[in-house]
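Data first, discussion second: the structure below is written as C-alpha cells.
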Amino acid sequence: MTATMSVRRGDPAGLRDRRAGWRVLACLSAGLALSACTSLGASMEDMASGASNQTGFLPAQQRQPISFESAQSSDPQSSIGRSQHPRILAAYGGAYSDPKLERALAAVVGRLAAYSDDPTRAYSITVLNSPNINAFALPGGYLYVTRGLLALANDSAEVAAVLAHEMGHVSANHGIKRQEREQAAELAGRVVSEVLSSPQAGQAALAKGQLSLASFSRNQELEADALGIRHVGRAGYDPYAAARFLEAMESFSRFRNAFQATNPELDFLASHPASAQRIDFARRHAAEFGGPGTGVTDRDRYLTGIDGMLFGDTAAEGYVRERNFFHPGLGISFSVPRDFVIDNTAEAVLATGPGDTAIRFDGVAVAERTPLEDYVRSGWIGGLDQASVQPMRVHGLEAVNAKAQGGAYAFDITVIRVGGQVYRFLTAMPAASSSRLEPIAREISQSFRTMTAEERQGLKPLRIRVVTAGIGDTEASIAARMQGVDRKVELFRLLNGLSDAGGVRTGSRYKIISE
C-alpha cells in the first residue's frame, strides 16, 4: 500500500459487487504476486524458481557488438517499446539499480543474444523494483524482470530460461499480434454495446472475445516455451532449467495459497496452459539436448549477483513482517490472526484466511470536521445495516463500526481516524459462518495502532543474503537465521529449490531473507 492513498469514494472497496469482489480478493490475494510472463500488458503465469548445484563456465564466443540504440534505429517495432517503457516503470516501482546484479544479468543476456536466431536484434533488460514475480517482453527488444522473480531463481540457467522465453515472444511478434486482437475484441464489444444499447450483449461479446484471446495466448506461450528452450540449449545453459522453474513456481503458488478458497471461474490458470502440461512440454523439448545434467547452471555467479538484493516491499509501500503490517511513512501498524496470509498491493493491503475469510485495509482522506458516522453512511457501503453503525475507540483513536450484508456474504466494517486520514478495515466471510465474523474482525481492527518514532526509524527492508552451510547445518538451522517471514523452513526450501529428499550440503551456498 503506497503512502499516498487517494481511494475514490464512489465504491472504492468494491462492495457494490460484494460476492464477485470478495471472491476476486480471495483468489487474487496470492495470485497478484504470482503472475509471470507478460507481453504488452497481458499477464501470464507459471514462471518459477528451481535449483541446481551444478556450476560451470560457458565457452566464449566472438561477436561483433551491436548497441541497443543503433539496432533500434532499424526496428519498426521499437516505437511501441519506447512508448510503453515509462508506463512499465511507473506501474512497477521504477527500475531497481544494483551494479553487481546488472553485470550478472548482462552476462546472461549477452550469451543468449550471441546464440539468437536473429543476431542483429539487440535487447535491453530492466530490473523492476517490485516484489511481484513477473517478466515482460515488449516489441523492440525491451525485456523486464522483477526482483521478485530474481529472488526465486536459483541460477543463471533459470534466468536464461525466462529471458529466452521473452525473447521468443519478441522474435515471434506475439506482442503485435496480441495488441491487434485485443483492439479488435474491444471494438466489437463497444459496437454491440453502443449500437444495440445492450450492456449485457456488449459484455457477452467482450467475454467471448476474451476466450478467443486466451486460446490464442496459450499457443503463444507454448511457442515461446519451445523457442526459449532451444535458445537456452544452443547457448550452453541447462535446458531443463525451464521445467525446474515451472515446478518451483507451482510449489510457491501452493505455499501462498495454503489458506485460500478456490474458484475455478476466477482461476487465471484456466485461460493458460496447465502447469503439468507446460512442465512436460518443457522437459520434452529439453531432452532434445540430452539427459538431465546437460549444460551449465552458473549458480555461484548468479548467487553472488543477487546477494544483498532487496526482498519484498519497499518503505514507500509498507512492510509485511510475518502476520504484521508496518508502514513507517504513515506511522501505522496492524496484525492479522494466525493462519492468515497478507498481500500488500499498491491499492490496498489484502489478507485471506481459513473459512473463505477476506480482509481489505486501505485509507482515504476525509475532512476532520466530517463525523465518522456520516462518512460510513455516505453511500460507499452497499447493503449497510444503518442500525449497526456504532462509535468506538481503537487505542484511543476515534472509530466507527458497522455491519453489512450482501448475497451469500456478511461484512464487518471498521473505520479509524488518524488526523485527516481515515483507515478502513473491511472483513468478509460467508453468511453461513457469520457468527465467527465479529471476533475475527475485532481482533484485527483492535490491533491497529500508531507507531513510535523509534519503531519507524528501526524498520529496515529485507534483503536476499547468501550464506554457506557449515558442518552440522540443517535446513532448520539455516532457516532460523531468516527474519521478517513466517513458515521459515518451508520458505527456505522454496527459495533454494530443495526437494523432500534433499537437505543442505556442507560448503554449498543458500539464500536466506534477513535485514
Next on the checklist: touching a residue at least 12 places away in the same chain (Cβ under 8 Å), open to solvent by less than 40 Å² (accessible area, probe 1.4 Å), within 29 Å of D98 (Cβ to Cβ) and within 28 Å of the chain's Cα centre (by Cα): is that true of K511 in this structure?
Outcome noted: yes
Checklist entry - Could we say that E490 is open to solvent by less than 40 Å² (accessible area, probe 1.4 Å), acidic (D, E) and at pLDDT below 95 here? => result no
Next on the checklist: Please go through region 456-479 and give me each residue that is in contact with a helix residue (DSSP H, G or I) (Cβ under 9 Å, 6 or more places away or on another chain) and surrounded by 13 or more Cβ atoms within 10 Å (Cβ to Cβ), ordered by number.
Outcome noted: I464, V466, V467, A469, E475, I478, A479
Checklist entry - So which residues in region 97-110 are touching a strand residue (DSSP E or B) at 6+ places or on another chain (Cβ under 9 Å) and open to solvent by 30 Å² or more (accessible area, probe 1.4 Å), if there are any at all? => result S97, E102, A106
Checklist outcome for this item: Note on region 288-313: residues in contact with a Leu (Cβ under 8 Å, 6 or more places away or on another chain) and of a type outside the set (D, E, K, R) are V296, G305, I306, M309, L310, F311, G312
Checklist outcome for this item: A careful count of residues in region 115-142 that are surrounded by fewer than 23 Cβ atoms within 10 Å (Cβ to Cβ) and part of a strand (DSSP E or B) gives 4
Checklist entry - Only one residue in D343, D339 is touching a residue at least 12 places away in the same chain (Cβ under 8 Å), within 24 Å of S445 (Cβ to Cβ) and either in a loop (DSSP other than H, G, I, E, B) or of a type in the set (V, I, T) (or both). Which one? => result D339
Checklist outcome for this item: Conditions (1) outside any strand (DSSP E or B); (2) at pLDDT 90 or above; (3) open to solvent by 60 Å² or more (accessible area, probe 1.4 Å) -> A501 fails only (2)
Checklist entry - Within region 306-325, how many residues are crowded, with 21+ Cβ neighbours inside 10 Å and touching an Asp or Glu at 6+ places or on another chain (Cβ under 8 Å)? => result 1
Checklist entry - Is it fair to say T297 is farther than 30 Å from S445 by Cα, open to solvent by 30 Å² or more (accessible area, probe 1.4 Å), at pLDDT 85 or above and among the β-branched types (V, I, T)? => result no
Checklist entry - Which ones in region 332-375 are small (G, A, S), open to solvent by 40 Å² or more (accessible area, probe 1.4 Å) and farther than 25 Å from G420 by Cα? => result G355
Checklist outcome for this item: Scanning region 401-431 for residues that are of a type outside the set (A, V, I, L, M, F, W, C), surrounded by 20 or more Cβ atoms within 10 Å (Cβ to Cβ) and touching a Leu at 6+ places or on another chain (Cβ under 9 Å) gives K403, G406, D412, T414, Y423, T427
Next on the checklist: Give me the residue from region 92-120 that is basic (K, R) and out of contact with any Gly (no Cβ under 6 Å at 6 or more places or on another chain) and, out of that set, nearest to G233 (Cα to Cα).
Outcome noted: R111
Item to check | Answer from L222, L206, L150 - the residue that is part of a helix (DSSP H, G or I), modelled with pLDDT of 50 or more, open to solvent by 30 Å² or more (accessible area, probe 1.4 Å) and at negative phi | outcome: L222
Item to check | Residue selected from region 227-254 under the condition of a type outside the set (D, E) and outside any helix (DSSP H, G or I), by the criterion nearest to A114 (Cα to Cα) | outcome: A235
Checklist entry - Before we move on, is L89 open to solvent by less than 30 Å² (accessible area, probe 1.4 Å), within 30 Å of N344 (Cβ to Cβ) and of a type outside the set (S, T, Y)? => result no
Checklist entry - If you go through region 377-400, how many residues are crowded, with 18+ Cβ neighbours inside 10 Å and over 32 Å from the mean Cα position of the chain (by Cα)? => result 5
Item to check | Long-range neighbours under 7 Å by Cβ, at least six apart or interchain, first residue more than 18 Å from V394 (Cα to Cα) within region 428-446, second part of a helix (DSSP H, G or I) and modelled with pLDDT of 85 or more | outcome: M429/R436; M429/L437
Checklist outcome for this item: Being closer than 30 Å to A243 by Cβ and among the small types (G, A, S) narrows G291, G379, G383, G329 down to just G291
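The values are calculated or read from the model by the stated rules, or taken from the named source; none is laboratory data. Only a predicted model underlies this, so the values are computations on that prediction, with no experimental measurement involved. Using ideal geometry, Cβ is built from the backbone for each residue, glycine included, and neighbour counts are taken over all protein chains shown. Just the protein is used for accessible areas: all its heavy atoms, side chains included, with ligands, DNA and RNA removed. Shrake-Rupley method; radii C 1.70, N 1.55, O 1.52, S 1.80 Å.
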